[in-house]
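Okay, structure first, notes after.
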Amino acid sequence: MSGLSVFEIIMLICFGFAWPFSIVKSYRSRSTKGKSAIFLFIILVGYVSGIIHKLFYSRDIVILFYVLNFLMVLIDLAIFFRNKMLEKLNI
């Protein structure tokens with residue numbers, strides 16, 4: 001594993017620790033306040049870019065961290081749309 005991958009893993013782990021808290025908060029609050037679908041989508045694009053880079057130029061274990069973070073953001077985005085629907089239904 002290259003030195004760059006170690007720092008890449010640290011970065012992805014640090015970002016990755018934030019997503020479970022965001023997911024739980026979104027799920028419990030049943031609100032979209034403080035959330036932005038556009039922001040979450042931009043984050044997803046960033047993770048997809050990292051995954052594509054790993055697939056084509058630098059295959060290593062780091063791709064698993066990108067995939068895990070991508071999935072957590074995708075879950076958060078799905079909860080955002082669930083909450084948006086709940087807000088419209090006024091539940």
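The values are calculated or read from the model by the stated rules, or taken from the named source; none is laboratory data. Keep in mind it's a predicted model, so treat the numbers as computed, not measured. For neighbour counting, all protein chains shown are included, and Cβ atoms are generated from backbone atoms with ideal geometry for every residue, glycine included.
Remarks
- Number of the exception - ASN90 against (1) in contact with a Ser or Thr (Cβ under 7 Å, 6 or more places away or on another chain); (2) at positive phi: (1)
- The condition (being part of a helix (DSSP H, G or I) and either loosely packed, with under 14 Cβ neighbours inside 10 Å or of a type outside the set (Gly, Ala, Ser) (or both)) is satisfied by just one residue among LYS25, LYS33: LYS25.
- Residue that is nearest to PHE21 (Cα to Cα) [pool: residues in segment 55-69 that are crowded, with 19+ Cβ neighbours inside 10 Å and at pLDDT 95 or above]: ASN69
- Residue count for segment 51-81, restricted to those that are assigned to a helix (DSSP H, G or I) and either under 10 Å from the mean Cα position of the chain (by Cα) or touching a residue at least 40 places away in the same chain (Cβ under 8 Å) (or both): 17
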